[in-house]
Amino acid sequence: MRVRVGEEQYALGVEHVYEVVDLGELTPVPGAADSVLGLRNVDGEIVPAFDLATILQIRSERKPQRLLVTECRSQRAAFAVDEVIDVGPIAGTMQESESRYLLASTVLDGAMVGVLAVDALFDSIMAEV
């Protein structure tokens, strides 16, 4: 699944995506880290929502519109993104990345796309909840 965060594009495996929902109403978490947007009820389950732009240190001028409800190691969390661009395979030559949150990157449709390391994202965010 390919998404836009700010002016950048990222991809993650659909096996990690449980659902895509509108941002909706979030319940604030007092004293939480800057990346924590709040809690969201998703199909009767309370899921923490995180600002992917803040985690990846990307400047974004707009409020995110969608939440990617993701799953990793039997835990769920939602990541706010600006837009879901596409669902499908990523073709092209992958270049290894030195970023702790990226597995690799490639050029797709003229844009650089970073492939997210979902395990590393979950390791980082679970310390913030």
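The values are calculated or read from the model by the stated rules, or taken from the named source; none is laboratory data. A quick note: this is a predicted structure, and the numbers were derived from the prediction, not measured. Positions of Cβ are generated from backbone atoms using ideal geometry, with glycine treated the same way; all protein chains shown enter the neighbour counts. When the accessible area is computed, the model is the full protein with side chains, heavy atoms only, and any ligands, DNA or RNA have been set aside. Shrake-Rupley method; radii C 1.70, N 1.55, O 1.52, S 1.80 Å.
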³J(HN,Hα), Karplus 6.51/-1.76/1.60, whole Hz, each residue of the stretch 67-78, x for Gly, Pro: 10, 8, 7, 10, 9, 8, 6, 6, 10, 10, 8, 10
Amide hydrogen neighbours beyond the local backbone of Ile58, cut-off 5 Å, H modeled: none
Percent carbon-and-sulfur accessible area, the chain, ignoring ligands, DNA and RNA, probe 1.4 Å: 47
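Write down the accessible area per residue of the chain in Å², having rolled a 1.4 Å probe over the full set of protein chains.
Details: 7200 Å² over 129 residues.
Here the per-residue accessible area is 56 Å².
Counting other C-beta atoms within 10 Å, and keeping those with at most 10, which DSSP coil GluC sites (Glu not before Pro) do you find in the stretch 63-106?
Working: sites: Glu71, Glu83, Glu96, Glu98; in loops: Glu98.
Answer in residue order: Glu98.
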For the stretch 87-102, 3J(HN,Hα) per residue [Karplus equation, 6.51 cos²θ - 1.76 cosθ + 1.60, θ = phi - 60°, Hz, x = Gly/Pro]: 10, x, x, 9, 9, x, 7, 8, 10, 4, 10, 9, 6, 5, 9, 10
Built amide H within the under 5 Å cut-off of Leu26, gap 5+: none
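What trypsin sites (Lys or Arg not before Pro) in the stretch 1-62 are in a loop by DSSP, with at most 16 other Cβ atoms within 10 Å of the Cβ? Write out the running numbers ahead of the final one.
On the way: sites: Arg2, Arg4, Arg40, Arg59, Arg62; in loops: Arg59, Arg62.
Sparse-neighbourhood loop trypsin sites (Lys or Arg not before Pro): Arg59, Arg62.
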Label-point separation in nm, Asp43 to Asp86, each point 7 Å along Cα→Cβ: 2.7
Net length gained if the chain between Asp123 and Glu61 were fully extended (0.36 nm per residue, minus Cα distance): 19.6 nm
Amide proton proximity set for Glu19, modelled H, under 5 Å, gap of 5+: Val69
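How long are the semi-axes of the equivalent ellipsoid of the stretch 83-126, taking √(5λ) for every eigenvalue λ of the Cα gyration tensor, in whole Å from largest down? Write out the running numbers ahead of the final one.
Details: eigenvalues 84, 36, 13 Å².
Gyration-tensor ellipsoid for the stretch 83-126: 20, 13, 8 Å.
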The chain, helix-only ellipticity at 222 nm - DSSP H runs n ≥ 4, -39,500 (n - 2.57), divided by all residues, nearest 500: -2500 deg cm²/dmol
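For the chain, what does the relative contact order come out to in percent, with C-alpha contacts under 8 Å and a separation of six or more?
Details: 257 pairs, mean separation 36.7, N = 129.
The value is 28 percent.
Taking a ≥ b ≥ c as the square roots of the Cα gyration tensor eigenvalues, with a/c under 1.5 meaning rounded and otherwise prolate when a/b beats b/c, else oblate, which class fits the stretch 1-84?
Values: a/c = 1.60, a/b = 1.09, b/c = 1.47.
Taking the square roots of the gyration eigenvalues as a ≥ b ≥ c, the stretch 1-84 is oblate.
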